[in-house]
Amino acid sequence: MSQFQYVLSRMCVYPCPTGYYMENFTRNCVTRCPNLTYAHNSGYCVANCSTKFAYDGTNTCETMCPEPYFADPTTYLCLFSCPNYP
């Protein structure tokens, strides 16, 4: 089991405290996941939300995309407009 750096307390922790996500690259507990990663209900920052929708506005995995975005079940992304697949 890997531990993560919780900067506020200067402690090594697993899991991160409530409201923080485990970010694997820096091994830090973060309140917002870095670009191209998303806060997942597993407590980790992930590259792919799998069964939820990746929302770039807050870098989170969402069950529904916020207005004015649309959920694309093909890519699992929140998009401003629906794509035109061939």
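When both residues are 6+ apart or on different chains and their Cβ atoms are under 9 Å apart, which pairs have a first residue that lies in the stretch 61-86 and is farther than 18 Å from His40 by Cβ, and a second that is assigned to a strand (DSSP E or B) and of a type in the set (Gly, Ala, Ser)?
Pairs that qualify, where the first residue is farther than 18 Å from His40 by Cβ and the partner is assigned to a strand (DSSP E or B) and of a type in the set (Gly, Ala, Ser), are Leu79/Ala71.
Considering only the stretch 1-20, how many residues are farther than 13 Å from Thr31 by Cα, assigned to a loop (DSSP other than H, G, I, E, B) and of a type in the set (A, V, I, L, M, F, W, C)?
The qualifying residues number 1.
Considering each residue of the stretch 45-77, count those that are closer than 23 Å to Tyr6 by Cβ, open to solvent by less than 60 Å² (accessible area, probe 1.4 Å) and not β-branched (Val, Ile, Thr), and give that number.
Qualifying residue count for the region: 3.
Sort out which residues of the stretch 18-40 are under 19 Å from Asp56 (Cβ atoms) and either free of Cβ contacts under 8 Å to residues at least 12 places away in the same chain or surrounded by 11 or more Cβ atoms within 10 Å (Cβ to Cβ) (or both), and write them in order of number.
Across the stretch 18-40, the qualifying residues are Tyr21, Glu23, Phe25, Val30, Arg32, Cys33, Pro34, Leu36, Thr37, Tyr38, Ala39, His40.
Could you pull out the residue among Asn84, Asn41 that is in contact with a Cys (Cβ under 8 Å, 6 or more places away or on another chain) and either more than 23 Å from Pro15 (Cα to Cα) or modelled with pLDDT under 95 (or both)? Show your work before the answer.
Working: Asn84 fails: in contact with a Cys (Cβ under 8 Å, 6 or more places away or on another chain).
Unique residue meeting the criteria: Asn41.
The values are calculated or read from the model by the stated rules, or taken from the named source; none is laboratory data. A quick note: this is a predicted structure, and the numbers were derived from the prediction, not measured. Cβ coordinates were reconstructed from backbone atoms using ideal geometry, including for glycine residues, and neighbour counts include every protein chain displayed. For accessibility, only protein heavy atoms count, side chains too; no ligands or nucleic acids. Shrake-Rupley method; radii C 1.70, N 1.55, O 1.52, S 1.80 Å.
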